[in-house]
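See structure below.
The values are calculated or read from the model by the stated rules, or taken from the named source; none is laboratory data. From a predicted model like this one, the values you see are computed outputs, not experimental measurements. We place every Cβ from the backbone using ideal geometry, glycine too, and count neighbours over all the protein chains shown. The area values use the complete protein model at the heavy-atom level, side chains included, leaving out ligands, DNA and RNA. Shrake-Rupley method; radii C 1.70, N 1.55, O 1.52, S 1.80 Å.
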Amino acid sequence: SVESAFNDALCIVVVFTILDYLGKAGTSSLGIIFKNIAASFAIGIVLGVVVGLLWLYLLKKLSSEEGITQYFYVLTLSLLILLYVLTEYLGGSAVISIFVFGLIMGSTELLNKLFKTNFYVINHDIVLINKQIAFLIKSFFFVLIGTMFVFIFGPFLIAILLVIVLVLARFFTILIPKSTRTLEHKERRLLYFFTPKGLAAGLLAISLVSYANILPGTNIIGNIVFS
């Protein structure tokens, strides 16, 4: 779960960093562009941490009120939309702020243990609702990807080669470290093929269409990713 979340965040950060660079390449120097990107990430991280910790504190206070906990998911979702808008307005990376907020919300038990705090721990109901909504979103986007996919032999062949490269990279990543070499064979075999590439890559491929003016061939990239 951690690896999948990290992969998704890394995909989003790298892709939008490159797009930001391409979009400003003709108007600013390389140093200024990366300075702006770093500032954008810093604002996103700080806002995500501050709002996340404040929200956990408020949830703890509110949880003593009878019957209000059933609205925590909707309240949190509303706050996320506000955080997204606020981060964008302040020139930060909204994606990063939302990711950091989610990381804090999902790590309350660890935070309480490490810093002897008394933050609100996310209950089973919120997790269950989140899983159901995530399932609906994923189902919708996989249908969308299916309708957008057009079989073209060239991109499909590139996709197969990339899959082989990813599996081989995964194989050596599991084979080399001592910590994974000592695992049972059946566990290592599962790790070899368990490459948690989330939905982020597919969504990013769809979003690239709007960047066709600075990135030619976005349809081909989409076909490769979907394949």
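Quick notes on this structure:
- Within region 17-39, tally of residues that are surrounded by fewer than 14 Cβ atoms within 10 Å (Cβ to Cβ), modelled with pLDDT under 75 and not polar (S, T, N, Q): 3
- On inspection, Ala42 does not qualify as modelled with pLDDT under 90 and either at positive phi or among the aliphatic types (A, V, I, L, M) (or both).
- Restricting the search to helices (runs of 4 or more DSSP H) fully inside region 85-192 and requiring at least 1 residues that are surrounded by 15 or more Cβ atoms within 10 Å (Cβ to Cβ) gives 94-105, 108-115, 124-148, 153-175.
- The one condition in (1) under 27 Å from Ile18 (Cα atoms); (2) not in a helix (DSSP H, G or I) that Ser64 fails to fulfil: (1)
- Pairs with Cβ under 8 Å, 6+ apart, first in region 44-61 and touching a residue at least 60 places away in the same chain (Cβ under 8 Å), second open to solvent by 30 Å² or more (accessible area, probe 1.4 Å) and in a helix (DSSP H, G or I): Leu56/Leu111
Rundown of residues vs (1) assigned to a helix (DSSP H, G or I); (2) surrounded by 12 or more Cβ atoms within 10 Å (Cβ to Cβ); (3) hydrophobic (A, V, I, L, M, F, W, C), yes/no style:
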position	(1), (2), (3)
Thr195	no, yes, no
Gly202	yes, yes, no
Ile206	yes, yes, yes
Ser210	yes, no, no
Ile214	no, yes, yes
